[in-house]
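Reviewing the structure listed below.
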Amino acid sequence: MKEKEIYLAGGCFWGTEHYFKQIEGVIETEVGFANGHTENPTYKEVYTDTTGYAETVHVRYNPDVVSLSFLLQMFFKAIDPTSLNKQGHDEGTRYRTGVYYIDPADLPVIEKVFAEEQKNYQQPLAVEKLPLQNFYTAEEYHQDYLDKNPEGYCHLPLSLFEFAKQAKEKKL
């Protein structure tokens with residue numbers, strides 16, 4: 001099976017990871033920190049907002065089942081794309097939103113989805129769109145956090161997880 005990957009920063013990574021795990025075609029998720037300027041950051045360090053990292057979910061997916069375009073459309077349903085460094089009650093640069101890619105061939109797809117999404121808003125999108133510079137996996141207790149802690153904090157409504165579970169890409 002071939003697979004692709006994309007890195008998505010959608011605010012607190014606990015909910016963002018849980019959301020993407022619900023989508024058919026997503027093979028694996030991993031939470032961590034992307035595009036900062038220190039080495040091997042800990043959650044405690046990232047939480048200070050001095051490392052430059054964004055809480056990010058590494059999403060591995062099967063492109064025969066789900067397209068990057070669909071994943072990005074789903075991403076935009078789970079964020080406020082005009083909010084800078086804030087999602088829900090979470091504030092700080094670590095909660096900024098972003099799409100970080102490793103395959104330059106993904107950029108035209110990313111650009112197209114961003115352009116379509118921009119049509120829905122008066123103000124400019126505050127979502128980063130950058131190549132991945134670096135990614136460090138977060139501590140184990142952050143992985144699959146909402147599976148381990150079903151009552152844990154999440155800025156996303158539960159209805160969004162059910163929506164993701166039901167969402168199906170319309171293939172031509």
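Connecting C-alpha atoms closer than 10 Å in a GNM of the chain, tell me which of PHE33, PHE70, PHE135 has the biggest fluctuation.
Ranking PHE33, PHE70, PHE135 by mean-square fluctuation puts PHE70 first.
Can you give the local net charge around ARG60? Use residues other than it whose beta-carbon is closer than 9 angstrom to its beta-carbon, Lys and Arg +1, Asp and Glu -1. Spell out each step's value before the answer.
Values: positive: LYS4; negative: GLU3, GLU5, GLU28, GLU30.
Residues close to ARG60 contribute a combined charge of -3.
What does the charge count around GLU139 come to, taking other residues whose C-beta lies under 15 Å from its C-beta (Lys +1, Arg +1, Asp -1, Glu -1)? Intermediate results must be reported in sequence, preceding the final value.
Values: positive: LYS44, ARG94, LYS148; negative: GLU17, GLU30, GLU45, GLU55, GLU140, ASP144.
Net local charge, GLU139 excluded: -3.
Of the accessible area of the chain, with the probe set at 1.4 angstrom, what percent is carbon plus sulfur? If you can, show how the numbers build up before the last one.
On the way: 4570 of 8750 Å².
On the chain, the fraction of accessible area on carbon and sulfur atoms equals 52 percent.
Taking the simple approach of a point 7 Å from Cα along Cα-to-Cβ for both LYS165 and TYR47, what is their distance in nm?
3.0 nm
If Lys and Arg each add +1 and Asp and Glu each add -1, what is the summed charge of the other residues whose beta carbon sits under 15 Å from the beta carbon of ASN149? Provide the component values of the computation, followed by the final result.
Values: positive: LYS21, LYS148; negative: GLU17, GLU139, GLU140, ASP144, ASP147, GLU151.
With Lys, Arg at +1 and Asp, Glu at -1, the neighbours total -4.
Once you have a ≥ b ≥ c as the square roots of the Cα gyration tensor eigenvalues for segment 55-105, tell me rounded if a/c is under 1.5, and otherwise prolate or oblate according to whether a/b is larger than b/c. Show your work: numbers first, answer last.
Working: a/c = 2.57, a/b = 1.93, b/c = 1.33.
Prolate is the answer for segment 55-105, as a/c is 1.5 or above and a/b outweighs b/c.
Looking at the square roots a ≥ b ≥ c of the eigenvalues of the Cα gyration tensor of segment 101-143, which shape do they give, rounded for a/c under 1.5, prolate if a/b is larger than b/c, or oblate?
Numbers: a/c = 3.12, a/b = 1.69, b/c = 1.85.
It comes out oblate by the Cα gyration axes.
Sorted by average packing, counted as other Cβ atoms within 10 angstrom per residue and highest first, what order do 75-83, 112-120 take? Intermediate results must be reported in sequence, preceding the final value.
Values: 75-83: 19.6, 112-120: 13.2.
So the peptides 75-83, 112-120, ranked by packing, come out 75-83, 112-120.
For the chain, report the accessible area per residue in Å² (1.4 Å probe, heavy atoms, rounded to an integer). Don't jump to the answer; show the numbers that get you there.
Values: 8750 Å² over 172 residues.
Per residue, the chain has 51 Å² of solvent-accessible surface.
Just grab the label-to-label distance for ASP144 and HIS89, each label 7 Å out from Cα along the Cβ direction, in nm (one decimal).
Roughly 2.7 nm, to one decimal.
Distance in nm between label sites at GLU128 and SER69, each 7 Å beyond Cα in the beta-carbon direction?
Inter-label distance under the simple model: 2.7 nm.
Which shape class, rounded, prolate or oblate, goes with segment 74-140 when its Cα gyration tensor gives a ≥ b ≥ c as root eigenvalues, a/c under 1.5 marks rounded, and past that a/b bigger than b/c marks prolate?
Values: a/c = 2.18, a/b = 1.07, b/c = 2.04.
Oblate.
Run lengths n ≥ 4 of DSSP H only: what is the helix-derived mean residue ellipticity at 222 nm for the chain, with -39500 (n - 2.57) per run over all residues, to the nearest 500? Before the final figure, lay out the partial values.
Details: 6 runs with 48 residues, N = 172.
The helix contribution divided over the chain gives -7500 deg cm²/dmol.
Which value, in Å² rounded to 10, gives the accessible area of VAL65 with a 1.4 Å probe and all protein chains present?
Counting only protein heavy atoms, the figure is 60 Å².
Given that just one value was derived from the coordinates, which of (1) 1.20; (2) 0.96; (3) 1.29 is Cα Rg over 2.2 N^0.38 Å?
Label of the calculated value: (2).
The values are calculated or read from the model by the stated rules, or taken from the named source; none is laboratory data. Keep in mind the model is a prediction, meaning the values are calculated, not measured. Reconstructed Cβ throughout: ideal geometry from the backbone, glycine too, with neighbour counts over all protein chains shown. Accessible surface is based on the protein model in full, side chains and every heavy atom, while ligands, DNA and RNA are left aside. Shrake-Rupley method; radii C 1.70, N 1.55, O 1.52, S 1.80 Å.
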